[in-house]
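The values are calculated or read from the model by the stated rules, or taken from the named source; none is laboratory data. These figures come from a predicted structure and were not determined experimentally. Every residue, glycine among them, receives a Cβ derived from its backbone with ideal geometry; neighbour counts consider all protein chains shown. Side chains included, ligands, DNA and RNA excluded: accessible areas come from the protein's heavy atoms. Shrake-Rupley method; radii C 1.70, N 1.55, O 1.52, S 1.80 Å.
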There are 2 protein chains.
Amino acid sequence: MRIYDIIMKKRDNEELSKEEIKFFIDGYTDDSIHDYHASALLMAIFLNKMNERETIDLTEAIMHSGETIDLSNIEGIKVDKHSTGGVGDTTTLILAPLVASLGIKFAKMSGRGLGHTGGTIDKLESIKGFHTSLSTEDFIKNVNDINVAVIGQTKNIAPADKKLYSLRDVTATVDNISLIASSIMSKKLAAGSDAIVLDVKVGSGAFVKNYEDAVELATLMVKIGEGMGRRTMAVISEMAQPLGNAIGNAIEVIEAVDILKNEGPDDLRELCLTLGANLVVMAKKADTFEDAYNLLEEQLSNGEALKYFENLIDAQGGETNFINNYDSLPKAKFIEEVFPLKEGYIKTIESDDVGIASLILGAGRENLEDEIDHAAGIYILKKIGDYVTTDEPMAIFYTNKESSIKDAKKRFHSAFEYSDESIEHPKLIKAIVSKDGVTKFK
Amino acid sequence: MRIYDIIMKKRDNEELSKEEIKFFIDGYTDDSIHDYHASALLMAIFLNKMNERETIDLTEAIMHSGETIDLSNIEGIKVDKHSTGGVGDTTTLILAPLVASLGIKFAKMSGRGLGHTGGTIDKLESIKGFHTSLSTEDFIKNVNDINVAVIGQTKNIAPADKKLYSLRDVTATVDNISLIASSIMSKKLAAGSDAIVLDVKVGSGAFVKNYEDAVELATLMVKIGEGMGRRTMAVISEMAQPLGNAIGNAIEVIEAVDILKNEGPDDLRELCLTLGANLVVMAKKADTFEDAYNLLEEQLSNGEALKYFENLIDAQGGETNFINNYDSLPKAKFIEEVFPLKEGYIKTIESDDVGIASLILGAGRENLEDEIDHAAGIYILKKIGDYVTTDEPMAIFYTNKESSIKDAKKRFHSAFEYSDESIEHPKLIKAIVSKDGVTKFK
């Protein structure tokens, strides 16, 4: 088999066999196939597309390019969650203990963030003493004991995906549904869970801009997951504006705890309950979505979810006193109220710009080696549909770099458009996609 | 300007600007743009195509990626010729002195061959003492003195083309008309002549398989040349079988001398006269193609063309006695008659297989560092339309490697198909393409 012939085949819009796809991924992983081969093939795939069968085979080949995690020593159904990325997305911190509190096993491997804010691991590291570098034995023991553990991705998971993603990123071949779906699903499948819920964001702040594309991507990922023998569902949620109110690290931890205390912003709560309800159904702890949703609401109001959160922090060495006293979390030296530049109803919020403003304040990293300022971030007080005046703050900035505030403000304000006429608050959940089809929300 | 945006633009089927194309070629030449960028862009160009304007700009950018030759110290109209490659193609050895004998300046820069047989330089090196490494001063002096000189390509001509071609060759992006045309024309334009005749081969033995594609390629190259201010014409010729009878180096020199003595095979003679007549018209030494053709026939029959060949060999240090005594050229130790495996009319000859058989005998090189055996080659006695019997030889093999004969025979025989019914001898010249359009031959 020769990579030349594989490139030529896809160039000529022919279907690649499972063996050809595996030959490409294995060769690219072991460097016998070069970047220039891969980028020609990626462009041919981008322009001529892959069908469902090819995409499933691509996912499987990428999944097997490195280690796969064996969770068979954990009893029961193991669940996992993936989000296609958003600004201010704190769902994992809430979802993991929430679902675990119903006896469902949440063995979570998370990444660090490269972008506006930290990843789940970065957020958790706001908590004094908390560590995410558990041995495999301790990881499995913790999940068996308290149903939940969150560790950093230390193993060699899907190395082909890392190489492919870096290459796609510099050759304009990112936005292809087969390449996106295989990239996401290969890692999820390698992580070993039995049931996966996918949070597919749609809208101006997401990389999928319209509903139809989101449904197509979600449907393909569900098919890949189910095709590989895992229960898989997807929630399509609006990313017209940042999720919740907090964008940062420590302040997102606070927001998560608020939700677990049955408080906090409605949109973040609703998304966690919706994602969670799908996991509960797939884990067979409820028959219907509604039953599952009600069960989870109960876990928030009766304090069980919060208890599991406390267990999680404690089991991984974290001091838990912050749960009742947020002052023990990292605190910013500079706290600044930000006022609207004009009056009116907020019409649109470019989430990316808000994210970048937060990055400027120190909450994210531009390069992998950058240090994150856990205290930095933005707390948004006004969102789409709210009426603002110039004498009432619309956000609070947190930073340890006073000099960054000016630039951050400029970027933050550029995110907002206003209207004189009243604007509806956007609906968050658009649809749920399962192997049986799409359930549209009204 | 960023290469990412340029790739994205062509990916999205948009037209690239002159500046964008130049940015790509300059960056790729100086290594600031990587192979993986270039191969993604080449695949996007392959699939989404380039229009005429983009192709002309690409050609110009490649032409200026290295040195361009200044022939202004040579008086009169300087002409050049390019062939898209064939098997047994000895035209330059004939065309150069033939045209020069009419006072037209043929300042020829030639390459070495990588493939079935040697290039023009390799063929000429069959001649004792002949050298092709002239200084620029001597090159220009010779052309001014005797109208003709042939040197090896020593200057840094179109380095971007070398890089691009190597990359296209391994990423399945060779067969795109814009990439082919710009590759050929950039080098011809950099070589500095005023008028160019292109020999575009079509058929099973050529890389352009059908007539329509050949006309399209020829038309585009003529437009590029004329667009860059050079007179340009193209001859479309059939490559259904090897040209002439000799495939090798010394034996092709003999065949060229035969033609210059007004003997030799009709097809090779006709092609040289046709290519030459176009150069004569463009050099304004005749008003019509017919007049030019007659003039050139006269130069063959009156011995003038042969005289200029002798001058060329002599001026570059070659011993000229071989012209009247072929025995002084390199001779093969092993000469073997090859007989048909069955009787019948020859229906098809796969030129490539005949070329590879000749390579096996030692006439070509597989790698650039390989030594060529100037004595090796194949002399074909029977061509398409001829009736063969198993007791009459169809070819003669020449080699210094006896062990190669068996493999070469096998490959040679695989090139032939036979018919019981009589087969027409194929017409060689299909059309002439000029800036005024296509003149089809009957």
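Can you tell me how many residues within the range A:40-69 are within 14 Å of chain B (Cβ to nearest Cβ) and over 15 Å from A:Ile3 (Cα atoms)?
Within the range A:40-69, the first condition is being within 14 Å of chain B (Cβ to nearest Cβ), and the residues that meet it are A:40-49.
Next, only the ones that are over 15 Å from A:Ile3 (Cα atoms) stay: A:46-49.
Of the residues in that region, 4 qualify.
Hey, any hits in the range B:80-94 for a residue that's surrounded by 23 or more Cβ atoms within 10 Å (Cβ to Cβ) and of a type in the set (Lys, Arg)?
The answer is yes; a qualifying residue exists.
Looking only at residues in the range A:26-55 that are among the acidic types (Asp, Glu) and part of a helix (DSSP H, G or I), which one is farthest from B:Asp169 (Cα to Cα)? Can you show your working first?
Going through the range A:26-55, the residues among the acidic types (Asp, Glu) turn out to be A:26, A:30-31, A:35, A:52, A:54.
With the extra rule that they be part of a helix (DSSP H, G or I), the set shrinks to A:26, A:35, A:52, A:54.
Working: A:Asp26: 22, A:Asp35: 15, A:Glu52: 30, A:Glu54: 26 Å.
Ranking the candidates gives A:Glu52 first.
What do you reckon, is B:His37 within 14 Å of chain A (Cβ to nearest Cβ) and on the phi < 0 side of the Ramachandran plot?
Working: within 14 Å of chain A (Cβ to nearest Cβ): yes; on the phi < 0 side of the Ramachandran plot: yes.
So B:His37 passes the test.
For the range A:337-377, enumerate the residues that are surrounded by 15 or more Cβ atoms within 10 Å (Cβ to Cβ), under 17 Å from A:Thr120 (Cα atoms) and not charged (D, E, K, R).
Selection gives A:Gly355, A:Ser358, A:Leu359, A:Gly362, A:Ala363, A:Gly364, A:Ile372, A:His374, A:Ala375, A:Ala376, A:Gly377.
Check B:Lys123 against each of (1) within 14 Å of chain A (Cβ to nearest Cβ); (2) touching a residue at least 40 places away in the same chain (Cβ under 8 Å); (3) assigned to a helix (DSSP H, G or I) and name the one condition it does not meet.
(1)
If you check B:Thr389 against the conditions, is it hydroxyl-bearing (Ser, Thr, Tyr), at pLDDT below 95 and either buried (at least 21 other Cβ atoms within 10 Å of the Cβ) or in contact with an Asp or Glu (Cβ under 9 Å, 6 or more places away or on another chain) (or both)? Quick ask: steps written out before the conclusion?
Working: hydroxyl-bearing (Ser, Thr, Tyr): yes; at pLDDT below 95: no; either buried (at least 21 other Cβ atoms within 10 Å of the Cβ) or in contact with an Asp or Glu (Cβ under 9 Å, 6 or more places away or on another chain) (or both): yes.
Answer is no for this residue.
List the helices (runs of 4 or more DSSP H) that sit entirely inside the range A:130-237 and contain at least 2 residues that are closer than 21 Å to A:Thr274 by Cα.
Details: elements: A:136-146, A:159-170, A:177-190, A:211-227.
By residue number, A:177-190, A:211-227.
Identify, please: which residue in the range A:401-442 is among the polar types (S, T, N, Q) and out of contact with any strand residue (DSSP E or B) (no Cβ under 7 Å at 6 or more places or on another chain) and is, among those, farthest from A:Val354 (Cα to Cα)? Steps first, answer last, please.
So the first thing to find is which residues in the range A:401-442 are among the polar types (S, T, N, Q), and the list is A:403-404, A:414, A:419, A:422, A:434, A:439.
Now narrow it down to the ones that are out of contact with any strand residue (DSSP E or B) (no Cβ under 7 Å at 6 or more places or on another chain): A:403-404, A:414.
Details: A:Ser403: 18, A:Ser404: 14, A:Ser414: 9 Å.
Result: A:Ser403.
Could you run through the range A:126-175 and say how many residues are closer than 30 Å to B:Tyr36 by Cβ, away from every other protein chain (no Cβ under 14 Å) and of a type in the set (Phe, Trp, Tyr)?
Within the range A:126-175, the subset closer than 30 Å to B:Tyr36 by Cβ is A:152-175.
Among the residues that remain, those that are also away from every other protein chain (no Cβ under 14 Å) are: A:152-162.
Within this subset, residues satisfying the condition of being of a type in the set (Phe, Trp, Tyr) are none.
Residues flagged as closer than 30 Å to B:Tyr36 by Cβ, away from every other protein chain (no Cβ under 14 Å) and of a type in the set (Phe, Trp, Tyr) within the range A:126-175 amount to 0.
Quick test for you: out of A:Asp199, A:Asp138, pick the one residue that is of a type in the set (Asp, Glu) and over 27 Å from A:Leu428 (Cβ atoms). Give the derivation first.
On the way: A:Asp199 fails: over 27 Å from A:Leu428 (Cβ atoms).
Selected residue: A:Asp138, the only one of A:Asp199, A:Asp138 that is of a type in the set (Asp, Glu) and over 27 Å from A:Leu428 (Cβ atoms).
Grab the strands (runs of 3 or more DSSP E) fully contained in the range A:331-424, keeping just those with 3 or more residues being under 28 Å from the mean Cα position of the chain (by Cα).
Details: elements: A:334-338, A:344-349, A:377-380, A:395-399, A:416-419.
Hits in the range A:331-424: A:344-349, A:377-380, A:395-399.
Please verify whether the range B:315-327 includes one or more residues that are over 25 Å from the mean Cα position of the chain (by Cα) and in contact (Cβ under 8 Å) with a residue 60 or more places away in the chain. Quick ask: steps written out before the conclusion?
In the first step, residues of the range B:315-327 are kept if they are over 25 Å from the mean Cα position of the chain (by Cα); the result is B:319, B:321, B:324-325, B:327.
Of the ones still in play, those that are also in contact (Cβ under 8 Å) with a residue 60 or more places away in the chain are B:319.
So far as the range B:315-327 goes, yes, one or more of its residues are over 25 Å from the mean Cα position of the chain (by Cα) and in contact (Cβ under 8 Å) with a residue 60 or more places away in the chain.
Scan the range A:158-172 and report the pairs whose first residue is in the same structural domain as A:Leu42 (by TED's automatic domain parsing) and whose second residue is buried (at least 24 other Cβ atoms within 10 Å of the Cβ) and of a type in the set (Phe, Trp, Tyr), with Cβ atoms within less than 7 Å and a gap of 6+ or a chain change.
A:Ala160/A:Tyr28; A:Lys163/A:Tyr28
Could you run through the range B:256-272 and say how many residues are in a helix (DSSP H, G or I) and surrounded by fewer than 24 Cβ atoms within 10 Å (Cβ to Cβ)? Please lay out each step first, then the result.
Keep residues of the range B:256-272 that are in a helix (DSSP H, G or I), which gives B:256-260, B:266-272.
Now restrict to residues that are surrounded by fewer than 24 Cβ atoms within 10 Å (Cβ to Cβ): B:257-258, B:266-267, B:269-270.
Summing the residues that are in a helix (DSSP H, G or I) and surrounded by fewer than 24 Cβ atoms within 10 Å (Cβ to Cβ) in the range B:256-272 gives 6.
Is there a residue in the range B:195-203 that is open to solvent by 10 Å² or more (accessible area, probe 1.4 Å) and touching a residue at least 60 places away in the same chain (Cβ under 8 Å)? Steps first, please.
Filtering the range B:195-203 down to residues open to solvent by 10 Å² or more (accessible area, probe 1.4 Å) leaves none.
No, the conditions are met nowhere in the range B:195-203.
Can we say A:Leu189 is over 30 Å from A:Lys427 (Cα atoms) and either open to solvent by less than 20 Å² (accessible area, probe 1.4 Å) or of a type outside the set (Val, Ile, Thr) (or both)?
On the way: over 30 Å from A:Lys427 (Cα atoms): yes; either open to solvent by less than 20 Å² (accessible area, probe 1.4 Å) or of a type outside the set (Val, Ile, Thr) (or both): yes.
So A:Leu189 fits the description; yes.
Among the residues that make up the range A:226-240, is at least one of them open to solvent by 10 Å² or more (accessible area, probe 1.4 Å), at pLDDT below 95, of a type in the set (A, V, I, L, M) and in the same structural domain as A:Lys284 (by TED's automatic domain parsing)?
Looking through the range A:226-240, at least one residue is open to solvent by 10 Å² or more (accessible area, probe 1.4 Å), at pLDDT below 95, of a type in the set (A, V, I, L, M) and in the same structural domain as A:Lys284 (by TED's automatic domain parsing).
For the range B:6-25, does any single residue satisfy the condition of being in a helix (DSSP H, G or I), facing chain A (nearest Cβ under 8 Å) and surrounded by fewer than 21 Cβ atoms within 10 Å (Cβ to Cβ)?
Filtering the range B:6-25 for residues in a helix (DSSP H, G or I) gives B:6-11, B:18-25.
Going one step further and asking which of them are facing chain A (nearest Cβ under 8 Å), we end up with B:7-8, B:11.
In the following step, the residues that additionally are surrounded by fewer than 21 Cβ atoms within 10 Å (Cβ to Cβ) were identified as B:8.
Yes, the range B:6-25 has at least one match.
Let me confirm something: among A:Phe322, A:Phe309, A:Phe334, A:Phe289, which residue is open to solvent by 40 Å² or more (accessible area, probe 1.4 Å) and more than 25 Å from A:Thr232 (Cβ to Cβ)? Show your work before the answer.
On the way: A:Phe322 fails: open to solvent by 40 Å² or more (accessible area, probe 1.4 Å); A:Phe309 fails: open to solvent by 40 Å² or more (accessible area, probe 1.4 Å); A:Phe289 fails: more than 25 Å from A:Thr232 (Cβ to Cβ).
Just a single option satisfies the conditions, and that option is A:Phe334.
What number goes with the only condition from (1) within 15 Å of B:Ala395 (Cβ to Cβ); (2) among the hydroxyl-bearing types (Ser, Thr, Tyr); (3) in contact with a strand residue (DSSP E or B) (Cβ under 7 Å, 6 or more places away or on another chain) that B:Ser351 does not pass?
(3)
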